[in-house]
1. Looking for whichever is in the same structural domain as residue 638 (by TED's automatic domain parsing), closer than 30 Å to residue 643 by Cα and aliphatic (A, V, I, L, M) here; the options are 519, 581. Which one fits?
2. What single numbered condition from (1) modelled with pLDDT of 85 or more; (2) under 28 Å from residue 296 (Cα atoms) fails to hold for residue 433?
3. Can you find, within the range 176-202, the residue that is surrounded by the fewest Cβ atoms within 10 Å (Cβ to Cβ) among those that are in contact with a helix residue (DSSP H, G or I) (Cβ under 9 Å, 6 or more places away or on another chain) and of a type in the set (A, V, I, L, M, F, W, C)?
4. Collect the residues in the range 509-548 that are under 19 Å from residue 568 (Cα atoms) and in a helix (DSSP H, G or I), keeping them in residue-number order.
5. Please tell me if residue 264 is of a type in the set (Val, Ile, Thr), surrounded by fewer than 16 Cβ atoms within 10 Å (Cβ to Cβ) and not in a loop (DSSP other than H, G, I, E, B).
6. Quick check, is residue 520 in contact (Cβ under 8 Å) with a residue 40 or more places away in the chain and within 30 Å of residue 555 (Cβ to Cβ)?
7. Can you report the number of residues in the range 247-287 which are over 45 Å from the mean Cα position of the chain (by Cα) and modelled with pLDDT of 90 or more?
8. Assess whether residue 525 counts as being closer than 26 Å to residue 581 by Cα and more than 60 Å from the chain's Cα centre (by Cα).
Amino acid sequence: MPQSEDIHSKMEDVQEKYLEQKERLLGAIDSAKTILSDLRIFNRDSWVVRYPQLRDQSAEESTPVEVSTSKAPKRKSIRRSLSFADDPTFQTDVVLTPARKGMARSMTLASIADETAEEQSNEEDEDRLVAPSDAADFHVFRLDLKLGSHGSSSSPAALVSQLEKASIANLLDDRIGASMNHINKLRQRVEDKSSKVLVTGDLNAGKSTFVNALLKREVMPVDQQPCTTAFCEVHDAADNDGKEELHILKEGIPYSREDESTYTRADLSELESIVSENENVQQMLKVYLRDARSPTESLLSNGIVDISLIDAPGLNRDSMKTTAVFARQEEIDVVVFVVSAENHFTLSAKEFLWNASNEKAYLFIVVNKYEQIRDKAKCRRLVLEQIKQLSPRTFEDAEDLVHFVDSASAFQKDSQSFENLESSLRSFVLVKRAKSKLTPASTYLTHLLSDVDLLVGANAIVAETELERALEDLNRSRPVLEKMKNGREALDESLEHVEEAGSSRSRMRTKEILNDALVRVGQGKLGVEVSGLNMPSYPGFLGIWEYAREVRKTLLTSVDIAVKLAEDEARKITSTGVDKVFQLGEDHLPEGVERSRRVFMPEAMFSTDKLARKKARRQSGALLAGGVYTLGISLGQRPDMLETTFFDIFDVQHQFRIHFSDKSSEEEGEEGC
């Protein structure tokens with residue numbers, strides 16, 4: 001079979017396997033989205049999700065648990081101390097088992113794990129979905145509580161512990177919502193048949209030089225000073241009807257090559273001037289290039305997959321562009337990170353690679369300007385040590401993914417190191433598409449579901465604890481409840497008796513006091529005899545009108561005093577009844593049942609002023625039975641009741657009875673005789 005046919009057959013096999021993995025991954029993405037949606041609903045409606053804190057135990061306590069059999073291998077579980085951000089006082093020991101292929105990460109109480117420990121096989125660490133060192137950490141759901149832009153709290157847990165459960169649940173809900181949005185982007189990326197390759201790195205690392213070396217053309221502007229300030233997305237000219245040109249995208253308008261209103265055309269020769277003149281403007285540029293090389297050599301025109309090569313601004317140029325690069329990497333399939341062999345990885349580079357590693361297990365790293373280093377062995381060793389910490393999977397595959405080159409020399413002479421880099425990059429992007437395009441999504445889902453497992457395991461433990469506590473409270477309360485049910489009928493009868501007796505007594509005494517007062521007033525006497533209240537003296541005929549008014553006022557005031565006396569009597573009777581009710585509670589309520597903390601205030605009875613009641617309630621801090629004053633009849637203060645008339649001075653009816661009743665009586669006597 002000819003070599004070309006053999007290569008074509010292999011590519012078809014690779015493509016078929018890629019499509020199978022792609023369909024499985026799309027199903028996993030949809031399932032993960034459903035899980036997150038259910039988790040948000042559960043958090044909002046059923047359970048306030050608690051945020052766990054896992055701390056290392058002391059060296060003596062953190063020794064891995066061993067099965068009590070000489071033949072049994074050591075368990076690869078990890079012991080941690082579990083508490084919760086909103087309740088640091090809750091603390092228990094747990095055992096975390098990192099996830100393996102086909103299994104989820106598990107969390108169990110340490111005591112249970114010790115009792116049920118079973119023999120486990122010595123799986124290789126490569127079979128772990130989550131490394132043992134990362135088993136106790138959140139990846140996607142980690143709460144970042146940095147204070148300001150240049151520092152973070154020395155104890156983030158101390159900050160979170162000051163929040164309420166609901167606040168932490170809201171933070172988690174926001175993070176879950178962001179993850180759901182990211183999953184939607186993942187799905188679009190996986191379904192997209194093209195592949196996007198982002199070339200980024202620190203300032204002056206040689207990104208543009210590297211891109212030019214890949215394209216074998218001087219396209220991107222190169223200078224000793226940082227000059228790439230725009231996102232330059234390079235496509236094959238075949239995607240633009242074979243025309244080489246530059247499209248300047250309009251801000252805020254979705255780009256469409258068929259719609260010229262979304263961009264401005266320019267010649268490729270204008271690229272350098274456009275970039276330099278708009279140094280302070282964040283631009284998006286589409287660059288369409290023809291690559292005369294054969295598909296077996298060209299990355300853009302490869303005949304297999306549509307490739308877009310994105311040259312991004314350098315990190316740390318300014319905060320806005322750095323943030324833009326961070327955000328842009330979410331829609332990228334492959335990250336090619338260019339680092340200077342002279343400076344190694346800066347803080348910005350480490351932060352970017354750490355964020356990218358949460359999703360992209362494999363990164364393509366180019367160590368540029370390597371030929372200018374004298375001690376190349378030391379440089380290689382230091383860079384690989386940093387990569388091992390930043391991206392362990394990349395380090396494991398360093399032979400294919402980490403390349404030490406000098407991009408500038410690739411134009412001047414044949415460079416075997418750069419040729420190896422090109423071959424590896426083509427293989428990574430085109431042949432190993434399952435690793436370059438699908439693995440980032442798979443890695444993100446693995447970390448996401450691992451975090452869900454950690455949340456579920458921790459919340460299951462606290463839920464079990466709360467359930468046990470609730471059952472204990474229920475068992476203690478059930479006998480009390482039964483006793484209260486049995487005594488309810490007798491208590492109801494006693495309460496009714498107290499209520500009837502009190503109300504009857506109050507009604508009777510009120511009627512007696514007021515009737516007696518009214519009878520006395522009808523006889524021209526004071527309703528009640530009290531010190532300080534006397535009938536006015538007769539001033540003579542000339543003052544008789546004012547005298548009548550004062551008499552009326554005094555008599556009405558005595559009625560007011562009688563009402564007050566009736567109220568006082570009712571307060572005493574009610575206080576006695578309340579004491580009896582409290583005593584009934586003491587007699588009938590079982591021991592341990594909380595007693596009422598209500599405070600009865602007799603002086604608050606008979607109030608008609610709602611504002612006064614509220615004010616008294618706030619001032620006293622007690623629950624009041626009524627207002628703060630009397631009923632407020634105040635008959636002696638009402639002008640309409642004090643109006644004096646002619647009939648107040650001359651009792652016409654009395655005189656009529658005297659004169660006519662006596663005459664009628666005499667006539668009746670004579671007729672009788």
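The values are calculated or read from the model by the stated rules, or taken from the named source; none is laboratory data. Just so it is clear, the structure is predicted and the values come from calculations on it, not from any experiment. Don't worry about glycine lacking a Cβ; one is built from the backbone with ideal geometry, like all the others, and counts go over all protein chains shown.
1. Values: 581 fails: closer than 30 Å to residue 643 by Cα.
One residue alone meets the criteria, 519.
2. (1)
3. Taking the candidates together, the pick is 180.
4. 509, 510, 511, 512, 513, 514, 515, 516, 517, 518
5. Numbers: of a type in the set (Val, Ile, Thr): yes; surrounded by fewer than 16 Cβ atoms within 10 Å (Cβ to Cβ): yes; not in a loop (DSSP other than H, G, I, E, B): yes.
Yes: the conditions hold for residue 264.
6. Working: in contact (Cβ under 8 Å) with a residue 40 or more places away in the chain: no; within 30 Å of residue 555 (Cβ to Cβ): yes.
No.
7. We begin by selecting, within the range 247-287, every residue over 45 Å from the mean Cα position of the chain (by Cα); these are 265-273.
Now restrict to residues that are modelled with pLDDT of 90 or more: 265-267.
Residues meeting the conditions: 3.
8. On the way: closer than 26 Å to residue 581 by Cα: no; more than 60 Å from the chain's Cα centre (by Cα): yes.
So residue 525 fails the test.
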